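For reference, the structure discussed in these notes is given below.
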Ligand code: ARG
């Protein structure tokens, strides 16, 4: 996770972003609470320092995906505004013993923000950030079946804003965020596919994080919390509202290694 020392909305690359809207003191407090919650659940949290000029560096999910025990595929951001982040994260990953694979030029992928692992599949959300050809590229690097899901609503520009993997049986998703073909694909594949409604996705319910049998959920998502409770998980609320002002929630703030 990345301590939000220089976090602010300084540009607009998704419809959530309103320049200058962040209260930095509250943002830091919210982030510290999220770190403490993960630690209380037994997760080990490593912290990277934010660098000036990269306000979205706080979204630690986005800079790489795990491709093996200690191998990472480094992201390549669609927008110039985020490209420096990969340099800082690359240095951190290298110092911590990861082998780093890089993408060919002009191919974009934004890490854990737009990929989700489910069973032996790697889902990738394409349409806004990742390149259309990304599935082919990743398939050669990863021992999973790579499956592209086409995103069609720019409010849900990353997969983790509209799809949530609970476990091997259950995936939640917001159907209007996906093309018709992708909805069909998910329906054929996932035994228990549950729909979010618009209210859930506007409150970042899909941006939840599973830690063992606990699900860390953005405050306000009562219906979703009840649903996961009914499936045998313990919901824990966290408010990261200052980060939603940049289009990211708990899942985006968390690079899961
Ligand atoms: N402002 C950032 C962007 O648009 C937010 C990224 C949120 N990350 C995520 N995994 N959805 O790139």
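Pairs linking a residue in segment 73-87 that is over 15 Å from residue 255 (Cα atoms) and at pLDDT 95 or above to a residue that is in a helix (DSSP H, G or I) and within 12 Å of the ligand (Cβ to nearest atom), with Cβ atoms under 6 Å and 6 or more positions apart or on different chains, are 77/83; 82/56.
Identify all residues within segment 105-125 that are under 16 Å from residue 62 (Cβ atoms) and either over 14 Å from the mean Cα position of the chain (by Cα) or more than 14 Å from the ligand (Cβ to nearest atom) (or both); write none if there are none.
Matches in segment 105-125: 107, 108, 117, 122.
Of everything in segment 34-44 that is surrounded by 12 or more Cβ atoms within 10 Å (Cβ to Cβ) and under 19 Å from the mean Cα position of the chain (by Cα), the residue that is nearest to residue 245 (Cα to Cα) is 34. Consider segment 46-71 and keep the residues that are under 17 Å from residue 111 (Cα atoms) and away from the ligand (no atom under 16 Å from the Cβ). The one that is surrounded by the most Cβ atoms within 10 Å (Cβ to Cβ) is 67.
Within segment 239-252, track down each residue that is within 8 Å of the ligand (Cβ to nearest atom) and either closer than 17 Å to residue 43 by Cβ or touching a strand residue (DSSP E or B) at 6+ places or on another chain (Cβ under 6 Å) (or both). Listed by number, the residues that qualify are 249, 251, 252. Would you confirm whether or not segment 97-104 contains a residue that is in contact (Cβ under 8 Å) with a residue 24 or more places away in the chain and crowded, with 19+ Cβ neighbours inside 10 Å? The answer is yes, given that some residue of segment 97-104 is in contact (Cβ under 8 Å) with a residue 24 or more places away in the chain and crowded, with 19+ Cβ neighbours inside 10 Å. Scanning segment 142-157 for residues that are in contact (Cβ under 8 Å) with a residue 60 or more places away in the chain, surrounded by fewer than 16 Cβ atoms within 10 Å (Cβ to Cβ) and part of a loop (DSSP other than H, G, I, E, B) gives a single hit, 143. For segment 129-140, a residue qualifies if it is in contact (Cβ under 8 Å) with a residue 24 or more places away in the chain, surrounded by fewer than 19 Cβ atoms within 10 Å (Cβ to Cβ) and in contact with a strand residue (DSSP E or B) (Cβ under 6 Å, 6 or more places away or on another chain), but none of them does.
For residue 198, indicate whether it is under 30 Å from residue 100 (Cα atoms), without any contact (Cβ under 8 Å) to a residue 60 or more places away in the chain and within 19 Å of the chain's Cα centre (by Cα).
Numbers: under 30 Å from residue 100 (Cα atoms): no; without any contact (Cβ under 8 Å) to a residue 60 or more places away in the chain: yes; within 19 Å of the chain's Cα centre (by Cα): yes.
Against the criterion (under 30 Å from residue 100 (Cα atoms), without any contact (Cβ under 8 Å) to a residue 60 or more places away in the chain and within 19 Å of the chain's Cα centre (by Cα)), residue 198 does not qualify.
Whether any residue in segment 182-199 is more than 28 Å from residue 229 (Cβ to Cβ), in a helix (DSSP H, G or I) and in contact with a strand residue (DSSP E or B) (Cβ under 6 Å, 6 or more places away or on another chain) is what I want to check. Scanning segment 182-199, I find at least one residue that is more than 28 Å from residue 229 (Cβ to Cβ), in a helix (DSSP H, G or I) and in contact with a strand residue (DSSP E or B) (Cβ under 6 Å, 6 or more places away or on another chain), so the answer is yes. Residues satisfying the criterion are present in segment 7-21 (criterion: free of Cβ contacts under 8 Å to residues at least 40 places away in the same chain and more than 10 Å from the ligand (Cβ to nearest atom)).
Each residue in segment 1-27 was checked for being touching a helix residue (DSSP H, G or I) at 6+ places or on another chain (Cβ under 8 Å), in a helix (DSSP H, G or I) and more than 20 Å from residue 82 (Cα to Cα), and 1 of them qualify.
The values are calculated or read from the model by the stated rules, or taken from the named source; none is laboratory data. Computed from a predicted structure; not experimentally measured. Cβ atoms come from the backbone with ideal geometry, glycine included; neighbour counts cover every protein chain shown.
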